[in-house]
Amino acid sequence: MGIDGVIEPIYFLITSIGFIILSFIHYKKTGKTLETIYLSILAVFFIVCFIILNFY
């Protein structure tokens with residue numbers, strides 16, 4: 001692994017799982033707020049990026 005401009009798709013999956021966990025914790029703590037929606041959108045975005053990099 002070096003700095004050659006290649007981003008592995010697994011990083012997008014790991015990041016999206018992290019955003020899912022954060023949004024769930026934030027939702028349980030504060031309810032449906034703007035931050036919870038933002039974290040959920042980021043999770044979906046990173047999952048879509050993972051799927052695009054793997055299957056297209």
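The values are calculated or read from the model by the stated rules, or taken from the named source; none is laboratory data. Everything quoted here is computed from the prediction, not taken from an experiment. Glycine also receives a Cβ, built like all others from the backbone with ideal geometry; neighbour counts cover every protein chain displayed. Accessible surface areas use protein heavy atoms only, side chains included; no ligands, DNA or RNA. Shrake-Rupley method; radii C 1.70, N 1.55, O 1.52, S 1.80 Å.
Observations on the model:
- Sorting 6-13, 19-26 by their mean Cβ neighbour count within 10 Å, with the most densely packed peptide first, gives 19-26, 6-13.
- Percent accessible area from carbon and sulfur atoms, the chain, protein chains only, probe 1.4 Å: 75 percent
- Compactness relative to 2.2 N^0.38 Å, alpha carbon Rg of the chain: 1.32
- Calculated FRET efficiency, K32 to I10, Cβ-Cβ distance, R0 = 22 Å: about 0.15 to the nearest 0.05.
- Between helix 34-55 and the chain: long-axis angle, C-alpha atoms, 0 to 90°, nearest 10: 20 degrees
- Computed from Cα atoms, the angle from the helix 9-30 axis to the main principal axis of the chain rounds to 10 degrees.
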